[in-house]
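The values are calculated or read from the model by the stated rules, or taken from the named source; none is laboratory data. Bear in mind that the values here come from a model prediction, so they are computed numbers and not experimental data. A quick note on method: Cβ atoms are made from the backbone with ideal geometry, for glycine too, and the neighbour counts reach across all protein chains shown.
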Amino acid sequence: MDNRNQKSIKNFIYNLKNGSPKTLSAVLVIIGIVVVLAVGSIVSCSVNNADTQTVSNTNTDPAYIATPVKESSFKMSIAGDYIIYSSIYAGAKELAGGSGYDFYPMVKNLKKFTKDCDVNYYNQETVLAAFDGMEPSDYPMFVSPPEAGDAMMKLGYNLVSTATNHALDGGEQGILNSCKYWKKQKNVLMAGTYNSQKSRDTVKIKECNGITYTMLNYTYDTNGIPVPEGKDYLVNVWPTNLSINNPQKDKKYQEYKKQVKKDIDAVRDQVDFLIVAIHAGVEYQPLESAYQDDMAQFLSDNDVDLMIGTHPHVIEPARYVGDMMCYYSLGNLLCSQYQDENYNKVTSILSTFTVKKSNDNGKAKITFEDMNNELLYCYFNQDTWRGHKVIPFSSNEIKEYLPEYKEVYKTYKDVFLKLDKTLPFAPCAK
């Protein structure tokens, strides 16, 4: 500092101490300006960030004022595997009078749950590709009429996973047809299969009641059907080797974690609520596999909020893994699989809950409230393979279609709650 500046400061301090009116006036003006600027800055920050979903709390600048996260919520439902066997689409054709297909009567009871929810999820197990020259087909190479999807859209489903072991049953054209179908559905987020690398890598974000969300989706395999060379984007395959059933020794499985983490990192800071749908596990086993446990821990460690498991075709337990809610397997929502004495392939879980976003030190925190886990029964006539109908165990209708409903209810309530008995479970009909 030069001598002129030092002298000016000394004179200013001297005049201030001796009560110079001129100096005091100047000080008051300066203080007033500073206050106005500070208040203006605060007001401007609040206005400009009024719609901000999340705010970083890493700024150490004393002048920085973090905008609180605005609390909000929406209601969500999740349902299991929607598998369209030939007996189902033949029945849907009969219901439509022989012209087209009508699947809605089979699933209409789900409206009880979806009508009050903002976001409704299900797993489209079989590829919706029976158009543009492709015919519907049955197990083991499923190709399904798009009207099967129409019934679910009519119910309000708007979040769909398509990466399953049957994703390539219709070949590359099947996936292209499927993507064409889903692209036409308004306000629906479909994940898992794609028609290009660009589409696969594009971050797709939805918003509901001030909460931004997205879903990632992976399958363990495509039933041995190879993904066309250079077109890995067609379906997300997180490979597992069930013959060894040891994720720690499975190099391909561990290597793919890098891709999953890359996918998570691409969206995690852009959304409040991150869902990952996993199509994996051992078919018809009522407990999760070592791979499912490892996947759940990996996703939880990477700040995923909800893991939805499908594929085993039976109900498996649910629990929290860290802060992440995890459903290992929801079971078959609609199918024509043989009913054994335990009805394990024709029962499923439909869960509803409130997704709440709250403020956690300037960051958005997701919690699940008002949870209800409902047991469903997929009825069909065992002699005619017709009359498919999804029936909630809480409905009096269950008494007509499943006389031993109370015993079946107890069996799968115990399975579902095996790992966390504190989770709510809806009562069955009295």
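Of all the numbered requirements in (1) touching a strand residue (DSSP E or B) at 6+ places or on another chain (Cβ under 8 Å); (2) modelled with pLDDT under 95; (3) not hydroxyl-bearing (S, T, Y), L419 misses one, and that requirement is (2).
Between S144, S161, the distinction of being touching a residue at least 40 places away in the same chain (Cβ under 8 Å), over 20 Å from Y104 (Cβ atoms), of a type outside the set (A, V, I, L, M, F, W, C) and buried (at least 24 other Cβ atoms within 10 Å of the Cβ) belongs to S161 only. Identification of strands (runs of 3 or more DSSP E) wholly contained in the range 112-224 with 2 or more residues that are in contact with a strand residue (DSSP E or B) (Cβ under 7 Å, 6 or more places away or on another chain) and closer than 20 Å to N236 by Cβ yields 119-124, 159-161, 189-191, 211-219. Contact annotation: residue pairs with Cβ atoms under 6 Å, 6 or more positions apart or on different chains, pairing a residue in the range 242-264 that is assigned by TED's automatic domain parsing to the domain that holds I205 with a partner that is of a type in the set (D, E) and surrounded by 15 or more Cβ atoms within 10 Å (Cβ to Cβ), are P247/D294.
Tell me, please, whether a residue that is surrounded by fewer than 16 Cβ atoms within 10 Å (Cβ to Cβ) and farther than 19 Å from V304 by Cβ can be found in the range 231-238. Let's see the steps before the verdict.
Here is the first cut: in the range 231-238, the ones surrounded by fewer than 16 Cβ atoms within 10 Å (Cβ to Cβ) are 231-232.
Imposing the further condition that a residue be farther than 19 Å from V304 by Cβ reduces the set to 231-232.
The answer is yes, given that some residue of the range 231-238 is surrounded by fewer than 16 Cβ atoms within 10 Å (Cβ to Cβ) and farther than 19 Å from V304 by Cβ.
If I ask for residues that are in a helix (DSSP H, G or I) and either in contact with a Gly (Cβ under 8 Å, 6 or more places away or on another chain) or of a type in the set (A, V, I, L, M, F, W, C) (or both), which ones from the range 70-97 would you list?
So the first thing to find is which residues in the range 70-97 are in a helix (DSSP H, G or I), and the list is 86-95.
Hits for the range 70-97 are I88, A90, G91, A92, K93, L95.
Taking (1) on the phi > 0 side of the Ramachandran plot; (2) at pLDDT below 95 in turn, Y284 satisfies each apart from (2). Residues that are within 18 Å of H313 (Cβ to Cβ) and over 22 Å from the mean Cα position of the chain (by Cα) are absent from the range 108-128. Just name the residue that is surrounded by the fewest Cβ atoms within 10 Å (Cβ to Cβ) out of those in the range 396-430 that are part of a loop (DSSP other than H, G, I, E, B) and touching a helix residue (DSSP H, G or I) at 6+ places or on another chain (Cβ under 7 Å). Ranking the candidates gives A429 first.
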